[in-house]
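Encoded as structure tokens, the structure appears first; notes follow it.
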Amino acid sequence: MRRVMLEDMILTKDMPSAAGSRMLAGYVSPFDATVVEKLRESGFEIAGKLPVGEFGIDLVGETCYVGDSAYAAANVLKTDTVMGVIALDVNGAPRRVAAQKGLVCLKPTYGTVSRYGTVAVASSADTVGVLARSAADCGTLFATIATPDARGTTMQARKPVEGRVQRVASLALATDAAVAAKMDAAKGKMCANGIEICEVEAGVIATARACWNTLLCAELSANLSRFDGIKYGHRSASFATLEQLYTESRSEGLGLLVKSAILYGSDVLYGKNYEKKYQKALRVRRVIAEAFRTLFAKYDAVLLPASSKLQYTETDHPFAENLYTAPASLTGLPAVVAGGVQLIGPAFSEERLLAVATLLEEVRR
Amino acid sequence: MGRIHTNIIVKPAACRKLYYETFKKESKMNEKALLALEKANRIRLLDTERESVAAFFARADADLEELSRVDIKGVLPMVHVMPVEAPLRADEVCADFSREELQKNAPQLCGTQWAVPRVIE
């Protein structure tokens with residue numbers, strides 16, 4: 001079965017791409033994203049588009065302007081009509097969906113899949129990833145889309161890491177009992193297959209959420225300033241001046257979570273906050289990346305949860321819940337979710353991570 | 001397996017239940033500053049939204065306090081996670097898209113131009 005669906009953050013010439021926002025409702029791109037071209041060249045059929053949370057920053061797709069779009073990718077994969085879903089991992093939503101719905105999700109190393117034709121939100125971290133029912137399907141789709149692209153301005157040459165995962169560091173991060181049970185089951189499975197698990201302190205990695213939220217909001221506020229109602233996108237009917245056109249179009253077109261993030265991001269970049277908040281977060285980012293480098297000198301992968309619970313309520317917030325997905329987003333490292341848990345590996349270790357995912361995908365809810 | 005050591009306490013899921021509610025009261029974001037940000041970003045918040053946004057700010061700033069515990073002395077900012085070199089192409093005209101393709105999503109056209117309100121009297 002060579003059919004895939006695309007999340008709505010990936011542009012297509014023949015289907016609208018709204019990125020979950022009223023701002024882009026009905027927008028049809030003049031070009032296909034590189035991943036779309038690669039999939040079609042390899043004989044895949046694009047079966048359709050899936051709604052996402054507005055600009056991909058929410059928990060599991062619940063803030064899409066069209067309504068009930070939470071877990072859209074999981075719902076379609078349950079029907080067994082497509083091989084996988086190609087998603088843009090902005091704030092970890094695809095990984096959370098996979099963890100909670102018993103799927104496999106691969107967020108590749110930043111720069112291995114072209115971002116040409118994806119809606120830019122946090123340009124230093126946005127990564128095109130894959131959701132599927134199995135690690136094998138993830139691997140097939142990843143191999144199809146992870147190829148060089150001259151139009152991708154942040155591409156890296158891939159140097160796959162060889163060998164197999166033998167030692168895993170398990171980060172101690174708090175979760176509820178159900179997720180803790182999944183972590184234990186995953187550790188048991190890995191131990192039974194000869195993988196050594198060592199518990200390690202989270203240390204500075206636990207600050208990844210605060211660091212990531214600062215940088216996500218800052219980059220998002222800059223990227224979303226392009227939506228002004230002039231050349232494309234929603235234009236308000238209530239304006240008399242250019243200023244009012246901008247303000248009313250953006251106010252009507254953008255949702256509350258996105259507006260909050262834009263305003264906070266703008267504040268982070270303004271005046272004295274630029275050094276106090278933004279530059280500080282960039283420095284902490286380097287410290288966290290270094291912490292991972294130190295871990296990977298001794299271990300082949302890092303194990304941590306992808307979410308704090310198996311079912312969210314309306315009081316859960318994406319900017320709190322991304323504690324678990326922020327480390328990989330912030331550092332650009334590859335992450336795979338399988339069996340309800342997440343493994344982060346060194347750059348270009350996707351194949352190695354997917355091999356472990358093959359063991360874990362048998363651990364289902 | 002070894003012992004579990006965690007010297008940075010991560011709040012369990014139960015504490016996040018009152019995410020918006022708790023921090024609404026603790027917001028340090030004053031209304032004047034928020035209005036200035038709204039103007040700069042061409043966003044007009046409804047009165048009903050302002051409280052939620054202020055709570056968002058309060059929570060984000062509270063989280064930012066965690067970063068003060070990280071030793072960043074002598075650490076350079078990390079803007080890119082990998083070395084970035086802007087790829088160059090040949091200096092030649094590439095007419096990738098026609099005017100019609102680029103303007104097909106235009107909210108309002110005036111002939112071949114995008115229509116905007118008058119800005120010069």
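The values are calculated or read from the model by the stated rules, or taken from the named source; none is laboratory data. None of the values given here were measured: they were computed from a predicted structure. Counting neighbours? That spans all protein chains shown, and the Cβs are built from the backbone with ideal geometry, glycine included. With ligands, DNA and RNA removed, areas are computed over all heavy atoms of the protein, side chains included. Shrake-Rupley method; radii C 1.70, N 1.55, O 1.52, S 1.80 Å.
Values as computed for the structure displayed
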{"item": "Relative contact order (%) - criterion: Cα under 8 Å, at least six apart; region: segment A:95-182", "result": "30"}
{"item": "Within chain A, percent of DSSP bridges classed antiparallel, to nearest 5", "result": "55"}
{"item": "Highest to lowest packing among A:272-280, A:128-136, B:112-120, scored as the average C-beta count within 10 Å", "result": "A:128-136, A:272-280, B:112-120"}
{"item": "Derived scalar couplings ³J(HN,Hα) [segment A:43-55; Karplus, 6.51 cos²θ - 1.76 cosθ + 1.60; whole Hz; x for Gly, Pro]", "result": "x, 7, 9, 8, 7, x, 10, 10, x, 10, x, 4, 6"}
{"item": "Segment A:1-138 shape via C-alpha gyration tensor axes, a/c threshold 1.5", "result": "rounded"}
{"item": "Those aspartates and glutamates that a straight Cα-Cα span of less than 17 Å connects to A:K13, excepting residues fewer than 8 apart in one chain", "result": "A:D32, A:E37, A:E41, A:E45, B:D96, B:E100, B:E101"}
{"item": "Average accessible surface area per residue within segment A:113-229, 1.4 Å rolling probe, Å²", "result": "33"}
{"item": "Quotient of Cα Rg and 2.2 N^0.38 Å for chain A, N being how many residues it contains", "result": "0.95"}
{"item": "Segment A:222-365, relative contact order in percent, only Cα pairs under 8 angstrom and at least six apart counted", "result": "15"}
{"item": "Under the Karplus curve 6.51 cos²θ - 1.76 cosθ + 1.60, θ = phi - 60°, whole-Hz ³J(HN,Hα) for segment A:71-84, x wherever Gly or Pro sits", "result": "6, 4, 5, 5, 4, 6, 5, 5, 7, 6, 9, 10, 6, x"}
{"item": "Prolate/oblate/rounded label for segment A:101-249 (Cα gyration tensor, a/c 1.5)", "result": "prolate"}
{"item": "Long-range amide H partners of A:L50 with built H, under 5 Å", "result": "A:L6, A:E7, A:D8"}
{"item": "Interface area, A with B, accessible, probe 1.4 Å, both sides summed, Å² nearest 100", "result": "6400"}
{"item": "Of all accessible heavy-atom area on the protein assembly as shown, the percent that carbon and sulfur account for (1.4 Å)", "result": "54"}
{"item": "Most mobile listed residue (A:V52, A:V66, A:V90) in chain A, GNM with C-alpha springs under 10 Å", "result": "A:V66"}
{"item": "Threshold 50 Å² - residues in segment B:67-86 whose accessible area is reduced by that much or more when the chain is no longer isolated, probe 1.4 Å", "result": "B:L67, B:V70, B:I72, B:V75, B:P77, B:M78, B:V79, B:V81, B:M82"}
{"item": "Backbone HN-Hα couplings from phi across segment B:85-101 [Karplus 6.51/-1.76/1.60, Hz, Gly and Pro as x]", "result": "10, 4, x, 9, 10, 4, 7, 9, 5, 10, 8, 6, 10, 7, 4, 4, 5"}
{"item": "Value of relative contact order over chain A, rounded to a whole percent, pairs C-alpha under 8 Å and six or more apart", "result": "22"}
{"item": "Cα centre as origin, Lys/Arg/Asp/Glu Cβ charges: the protein assembly as shown dipole, Debye", "result": "780"}
